[in-house]
1. I'd like the trypsin sites (Lys or Arg not before Pro) in region 237-333 restricted to DSSP loop residues with at most 14 other Cβ atoms within 10 Å, sorted by number.
2. So, in nm, how far is label E57 from label R108 when the simple model puts each one 7 Å beyond its Cα toward the Cβ?
3. Please identify every one of the trypsin sites (Lys or Arg not before Pro) in region 1-73 that sits in a loop by DSSP and has no more than 10 other beta carbons within 10 Å of its own beta carbon.
4. Could you state the angle between the C-alpha long axis of helix 128-143 and the longest principal axis of the C-alpha atoms of the chain, as a value from 0 to 90 degrees rounded to the nearest 10?
5. Rounded, prolate or oblate: which fits region 195-299 when a ≥ b ≥ c are the square roots of the eigenvalues of the alpha-carbon gyration tensor, with rounded for a/c under 1.5 and prolate only if a/b beats b/c?
6. Which net charge results when you count Lys and Arg as +1 and Asp and Glu as -1 among the other residues whose beta-carbon is under 13 Å from that of T187?
7. Between 0 and 90 degrees, rounded to the nearest ten: what's the tilt of helix 189-201 against the longest Cα principal axis of the chain?
8. Determine the gain in length on full extension of the stretch N325-E200; use 0.36 nm per residue of separation and subtract their C-alpha separation, reporting nm with one decimal.
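Please treat every number below as a calculation from the coordinates, not as lab data. Remember, predicted model here, so these are calculated numbers, not experimental data. Please note: Cβ atoms are built from the backbone with ideal geometry, for glycine as well, and neighbour counts cover all protein chains shown.
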Amino acid sequence: MNSIYNNFVEAIGNTPLIRLNGPSKETGCNILGKAEFLNPGGSVKDRAALAIIKEAEENNIIKKGGTIVEGTAGNTGIGLTLIANSKGYKSIIVMPETQTKEKIDTLRSIGADLRLVPAKPYKDPDNYIKFSEKLAKEIYKKNNGNTIWANQFDNTANLNGHYNNTGKEIWNQTKGKIDGFICSSGTGGTIAGVGKALKEKNNKVKIYLSDPKGSALYNFIKFNELKIEGNSITEGIGNSRITANFKEAPIDGAYSINDHEALTEIYKLIENEGLCLGTSSGINIVGAIKLAKELGPGKTIVTILCDKSDRYHSKLFNKEFLIINNLPIPNWL
Ligand code: PMP
């Protein structure tokens, strides 16, 4: 590892694995979290943003002064904007207005050209992803090229980034002593890229999906049916369709996790281990505990700690919000 990075971009990736002591003790397994919240933009999505931009640069479809347009739940937008700033690009970020104020404020504070749109299902032509695609086409025309639509959901540069980096890092960090990997899926880039990298090294490593309520992916894996049940306050994860990235994921099984379980785990980790994690990490850790119980004691399970709780303060530490949504309340509130 370099001791001095030449710029912000070089500091993306090579995150540590942190043992989750409570979940490990509870299951008799070694449950490890890949600390993606330590990426310089604060989330796992720095990796996808970088992989997408690098591929566009390699293919000569963007050059200095160019514009990157994307639809995002927030974290990809933060990563893209920071990388764009450091490389001399502009970013235009389309985001559903239902995402937390913290992510909206972060995007504004780093100078993103932020377009908030009403939350609409994917089939609606004004869904934020489709809106961003239309906008990218308009700007491409206006700029005479030098504009990309990052298209994180169906651009497999995303999974390739995780295959080449996140997955290989996990294999090397565990020295190949890994029995299971589990995480949730938004675009599917993480689970597909890491899953492929680990299976290629050892086909016996189990790859599991941790899916929030309100997502169709659990029913797709279990029953081959894209059916949504329930809902969730989590952000950036779950999907109603099979993206090009998710399609590549070598998945052995899935769990459907509710918010109550996820938030209980988030609060326990803050209180007992000093780890302050975001909502998708809660879904991932509950899944890791379930997988550890299924595989039995003595196994090593890795999951992703995607971002920090500070991106969700207005939900996770808002007593009124928690009561209205019938969610657990941390005892220090
Ligand atoms: N957690 C958070 C907080 C995210 O923002 C995202 C991406 N939207 C994910 C998890 C899911 O990662 P992926 O897109 O690689 O499936």
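1. Sites meeting the loop and neighbour criteria: R241.
2. Taking the simple label geometry, E57 and R108 are separated by 3.1 nm.
3. K64
4. The helix 128-143 is inclined about 30 degrees to the chain.
5. oblate
6. +1
7. Approximately 60 degrees, to the nearest 10.
8. Values: separation 125, 0.36 × 125 = 45.00 nm, distance 4.20 nm.
So the extension gain works out to 40.8 nm.
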